[in-house]
Amino acid sequence: MGEEVQPIYVDLASESDDPHVTIVDSLCMSCEKMGTTRLLMTRIPHYKEVILTSFECEHCGNKNTGFQLGQVQDQGVRYELCVENEMDLSRQIVRSNHATVSVPEVQLEIPGNLEKGEVTTIEGILRRTVEELSQDQSARRMEQREVADQIDDFIDKILELLTLDEPFTLIVDDPSGNSFVENLHAPHTDPQLKKKVYKRSPEQNAELGLEEEPVGNGLDSVSEEIEKKDESKEEVLVKKSDKKEDDPGNLKDEVLVFSTLCDRCSRPTSTNMKIMKIPYFKEVIIMAMHCEHCGHRTNEVKSGTGVSDLGKRISLKITDPCDLARDVLKSETCEVKIPDFDLHVGGGLIGGKFTTLEGLLINIRDDIEANPFLMGDAAGSNRKTLINKLVDDLQMVIDGNLKVTIILDDPAGNSYLQNIYAPDEDPEITVEEYERTFEQNEELGLNDMKTENYTDDSTCNDISELS
């Protein structure tokens, strides 16, 4: 029997007898003598895998702490917050070492990759910026008086922001997708906070050390790549079902199996991917992962047909507990709303799901309960009371004791709620198609997408001349 492979990231628990702390000697940047750095690779419950660092120099007393997130997300994230009052200054911010923080009103920009990640507040960021700018000011006043005066003026502008005489904008832009700005109105929409996820540029992928995705024709290129690999020797496997020999290009009857790492215990596992047709809807791609080591399961659904021409808003009035058994396909761009609770769940909270209505509500309830920024020690008592009431109301809906209206609002038009009367109309479901706004098209990356007349006129003329 071989030795059991230990997970890279362990659960964060104070009662753990073996905290897996790594101690290394490292140079103190203050006195240039050797200090001690402690590293803990851990998983914060209901958040992400992180690397906690703690440095201490016994010679000069210099200390600092930080953290690094262990996994880059699929997309970057950009938060834009209008800071108006003291409560906004106390908003918690998870800032990775890749995040850029800026305040356009005073032309302040704190670039990423210069500092370690941190968990702080807006006031903490501004005050630490003032402290860093104030360092060596006395020496500058003697050697470079003009530069010192300019820095003093800039410090005054930052301190003036803290007085809140006028609102200002704070922007956190993180290509790694691992930063977070607290929503004070959670679980409802925060009118002062805008969040946007975006696809990284090639330059940003290079800065993060990520390889460029191969350019190809979607699933066709995946199929061609799989055919080139030996199933017995490569990490990408194809489990062939009863597929007809005269249709080798058909992927609908295949299950593609990819070797991946479990996002819970970081051990090797596999992810299954299959294309399936949902009756009275469209084709979707379902991906499922089951880790044999820790038992963690995930499933994710993506549209197989791209973005629809129109957005779609589906409303269901629950009149019977049987409605909870309806199948639901929620895409990663779909928002879930329950007007009876004034509940608004953004598309990124639980991602793409193919489940039942009951399963979707359970996912929402569990994620709200597990969110440390809603129910953790940092949350105020008033917020905890509000969240507990919301969780109780959701549980009543799940138990079939409360009838509400549920709305699936998907700008991409890729979400689906089962019509139990199909092909006839369902009296309890209202489906509305609508034109997307400019902001919605921007979030979907459609405004910069050009599908017609993309060849430059001068290029066409050159080609015609050559012919």
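Report, to two decimal places, the Cα Rg of the stretch 69-219 normalised by 2.2 N^0.38 Å (N = number of residues). Before the final figure, lay out each step's value.
Working: Rg = 17.9 Å, N = 151, 2.2 N^0.38 = 14.8 Å.
That ratio works out to 1.21.
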Notebook entry, point to check: Karplus couplings for the stretch 52-61 from phi (6.51 cos²θ - 1.76 cosθ + 1.60, θ = phi - 60°), rounded to Hz, Gly and Pro as x?
Noted result: 8, 10, 9, 10, 8, 10, 6, 7, 10, x
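How large, in percent, is the carbon and sulfur part of the accessible surface of the stretch 162-211 at a probe radius of 1.4 Å? Intermediate values should be presented prior to the final figure.
Working: 1330 of 2600 Å².
For the stretch 162-211, the apolar C and S fraction of the accessible surface comes to 51 percent.
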Check: Amide H neighbours of Ser30 under 5 Å, counting only residues 5+ apart in sequence or on other chains, H built in-plane at 1.01 Å?
Finding: none
Next item on the list: Using packing as a proxy for protection, rank 192-201, 352-361 so that the peptide with the highest average count of other Cβ atoms within 10 Å comes first.
Entry: 352-361, 192-201
Notebook entry, point to check: What whole-number value in Å² describes the accessible area per residue of the stretch 140-185 for a 1.4 Å probe?
Noted result: 55 Å²
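Could you order peptides 385-391, 319-325 by the average number of other Cβ atoms within 10 Å of their residues, highest first?
Working: 385-391: 15.6, 319-325: 13.7.
The most tightly packed comes first, giving 385-391, 319-325.
Add +1 for every Lys or Arg and -1 for every Asp or Glu among the other residues with Cβ under 10 Å from the Cβ of Gln192, and state the total. Before the final figure, lay out each step's value.
On the way: positive: Arg91, Lys194; negative: Glu80, Glu84, Asp88, Asp190.
Result for the local shell: -2.
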Item checked: Nonlocal amide H pairs with Glu332, under 5 Å, H built at 1.01 Å -> Gly352
Check: How large is ³J(HN,Hα) for each residue in the stretch 120-134, as worked out from phi by the Karplus curve 6.51 cos²θ - 1.76 cosθ + 1.60 (θ = phi - 60°), to whole Hz, x for Gly and Pro?
Finding: 8, 10, 4, 4, x, 4, 5, 5, 5, 5, 4, 4, 5, 5, 6
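The values are calculated or read from the model by the stated rules, or taken from the named source; none is laboratory data. Given the structure is predicted, the values throughout are model-derived calculations rather than measurements. Ideal geometry is used to build each Cβ from the backbone, glycine not excepted, and the neighbour counts take in all protein chains shown. Only protein heavy atoms, including side chains, enter the accessible area calculation; ligands, DNA and RNA are left aside. Shrake-Rupley method; radii C 1.70, N 1.55, O 1.52, S 1.80 Å.
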